[in-house]
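Report on the structure given below.
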Amino acid sequence: VPVDLVIRAMHGDREAFSRIVQLSHARLYRTACLIVRDPDLAADAVQDALVSAWLDAKAIRDPSRFDAWLNRLLLRACFRLAGRSRRRATLEVPGVIVDIATLDRGLAHVTERDEIGRAFGHLTAEHRAALVAHHYLELTDGEAAAALAIPLGTYKSRLHRATEAMRAALEAEGRPAPVDLDGAREPAR
Amino acid sequence: MTRGFDPGRDLAEWLAGEAAATAIPTDLPERVEQAVRPRGQRVAFLAAVASPWPSTRMSSARSRRSLAWAGLIIATVLATATAILVGSRLLLEPTRPPGLGIINGPDLVAPCYRHAAVRLADDRVAMFGCDAQVQVLDPDATSWTTDGTIDPICCPGVALLPDGRVLVAGGAFRRHQNFAMLQTAELWDPATGSTIPLPRMQEARGAPILVGLPSGRVLVVGGQISEGPLSSRVVELFDPSANRFTTLPFELPGEVTSAAALPGGTALVVGVTDLTTKPRSPWALIVDPGAATASPIEPPAEVGPGQTATALPDGRVVLIGGLSMPDGTESATVQVFDPVTRRFAVTGRLANPRRDHVATATADGNVVVAGGYTPYRNGVPVTTGTIEVVSPDAPATTSLGALPVDRTEGATATLLRDGRILLGGGVHGGIVTGLSSTDLLIPSSP
C-alpha cells in the first residue's frame, strides 16, 4: 500500500482508506481463507481487520510498515474467529438441488493436491497461520513473528511444530512423510 | 506421489494455487465501507443490525439507544410473526389419524442433507456429515450438541460397531464449488467425540451403503466414485478387529441401488446395469462375506435409484418405491424378498409413488415410509411429506397424514428405543439448503 495513502488515511481521509481497502482486500481475503478455511469466516476476518485499521489508523507509528501491521490485525481476527463456532449454520448446496449422480465426477479424483489440502486443514489455525506467513506471504522470521504477535523464538518453534503436524497429517493420509525440510528455518533438534 | 513431500516447494505451490483459485467476494469493500461509515451517515439501520457481518461498531449512547429500539422493534415483529405462524399452523395442520402423533423435535445445530444417522448403544442419536460435523441428541434432552468433526461434509456411510464406536466411510467434501469423493474412513468414538483415521478404502465413495453384519464386520457397497460407472462395483469388508478394509474377489454387475442385511450373516444387494447406457436391467445378488462369494438371484421386477431396502425383524427385506427404470417415473411398488425362498414378490402398492424417501422398520414388522419425491409436475420434481405404513403382507398401505415439512434428498429416519421415529434434515421443494428441523413420529400416540 502506498505510504501516502496510509498517511492520508491516518488523518481521516476516507477516500484514501477506501483506496487502501480496494488495494488490499483481495490479498487479505485469500490469506484469511487459507487460515480459517471458511469463506464466510474469512470475509468476517477481513472486515474486522480493515475496520480495526480504520479505527486505529492514528496509532500507526510507521506508515511504511502498514502492510505488516494490517497482516497482524488480520491474523488476530482470524484467530479470534477461528475460536468461535467452527461452522456457520448454513450448508450450501451449489446451484440446484443436487442429485448424487450429478456431482462433478471430473473433480472427484482425490489428488495429491487434495491430500495436501486436507492435511493442511487438519492443522490448528495457529499452525496454518505460521505456514501461511512463511510459505505464502513469504515473510521473514522477524516479520512473521511480529505479524503473529509472538516472540521470534516462539514463532520458529511454532513453524517447526506446524511442519511436523503437516508431516503427521500427511502420514495419516497415507503418503510419504515430508523430507528435505528447510533446516535453516528450524530449531536444532 | 513417488517423491517426498517438500513443504518449501509443495506447500508453497499449494498455498499459491489455493489463493489464486479463491473467488473474492465482490461486495467485500462495500461491506467494509458500510461498517466504517460515520454514524450519522449510516443507512438501513435495521439491516445493519440484522447483518451477519459483525463489525458494525456502535459505542455511543445514541447508538445504544438506537440499538435498544431496534431490538424492541425486531422482538415485537418476531413475536407477532410467531404468533401468526403458530396460530395458522394450529388451524391448518392436517388432522392426524389415530395411531400416529407428529411433533417437532429439537432443531439441529447445523442443517443436514445427504447425511447419515445412527442410534448409538446408549440410545442417543448421532448424525454425521452435516457440514463435517457430528451432531448428537439425547432423546431425553431438548437440544442437539456437536460432538466432533469428520472428514466428509456430506454423504458418508455409517455403521454402528459392536464396541459402540461408529464407522464413518467415504462421503464427499467441497473443493471450491464442486464435490469430490473420499476414500477415507474413520472411527468416531461417542465417549470422547474424537475420531481415529483408518486405512483407506480401495475406492472413493460418495454415499456408500454400509451393511452391518452379525459378526461385527461391515460390508461396504455402492457409492458414487470419481470415474467410470456411477457407483462403485467393488465390494469391501471392514473388519473391526483389525481396523482395516479388505476387497472381496468379485465385482458387482452394475449400479447399486440398495442393500440390506440378511439372516445368517449374508447381505442382499440390488441394482441395475450401468445407468449411463441402455437397456438397463435389474440384478440382485446375495453376498456372503464369510465365503467371499456373490450368488446371483432372480432380480425384483422394479429396481431403481431412490429405492429403499428395509430389513424386517423376521429377516425379510422390503423394497419400496424408487425411480422406475423403464420409464423413469417414481414407483409405488412394494416388493418383499424372502430369504428362505430367495425370491422377490410384489406384495402391494404405496398410495403415493415416491423415491428418495425414508423407510424405517418398526418392531411390529411394518415399515413407516415418509417424504421423498413424487412424480414430476410441469417438469418440476415435487416433494412430499406424506407418511404411509407398509405392511409387507397387505396390498395397500395405511396413510398417516403428512410431516410438517416435506423432506427428501437424504433425510434420515432413526428408530428410537421407545418406538418413536426421529426424522431429520434433508431438503424440501424449492429450498436449496439443508433442513435443520427434526420431527418425531410417535406411532403409539392416539
Relative contact order of region B:261-409 (C-alpha contacts under 8 Å, at least 6 apart) in percent is 16 percent
Roughly how crowded by other chains is peptide A:41-48, in terms of the mean Cβ count from those chains within 10 Å of each of its Cβ atoms? 5
Please state the shape class of region B:106-258: rounded when a/c is under 1.5, otherwise prolate if a/b exceeds b/c and oblate if not, all from the C-alpha gyration tensor. oblate
Arrange A:Lys58, A:Lys156 by Cβ neighbour counts within 10 Å, fewest through most, would you? A:Lys58, A:Lys156
Of the peptides B:248-255, A:70-77, B:184-191, how do they stack up when ordered by the mean number of other Cβ atoms within 10 Å, highest first? A:70-77, B:184-191, B:248-255
For region B:364-403, what size does the Cα cloud have along each of its three principal axes, sorted from largest down, in whole Å? 38, 20, 12
Sorted by chain and number, the residues with a modelled amide H under 5 Å from that of B:Gly105, at a separation of 5 or more or across chains, are B:Thr438, B:Asp439, B:Leu440
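Across peptide B:149-156, how many C-beta atoms of other chains are within 10 Å of each residue C-beta, on average?
2
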For B:Met325, A:Met10, what ranking results if the residue with the fewest other Cβ atoms within 10 Å of its Cβ goes first? A:Met10, B:Met325
In what order do A:Thr140, B:Thr386 fall by count of nearby beta-carbon atoms within 10 Å, going from fewest to most? A:Thr140, B:Thr386
Provide a whole-number value for the mean count of partner chain Cβ atoms within 10 Å of the Cβ atoms in peptide B:124-134. 2
Descending packing, highest mean Cβ count within 10 Å first, for A:141-147, B:237-243 is A:141-147, B:237-243
Protection-proxy order for peptides A:46-52, B:351-357, A:159-165, each taking the mean of Cβ atoms within 10 Å per residue, highest first: A:46-52, B:351-357, A:159-165
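Quick note: the coordinates plus some simple rules give every number you see, no bench work behind them. For clarity, every value in this text was computed on a predicted model and none was experimentally measured. Neighbour counts run over all protein chains shown; Cβ positions are idealised from the backbone, glycine included.
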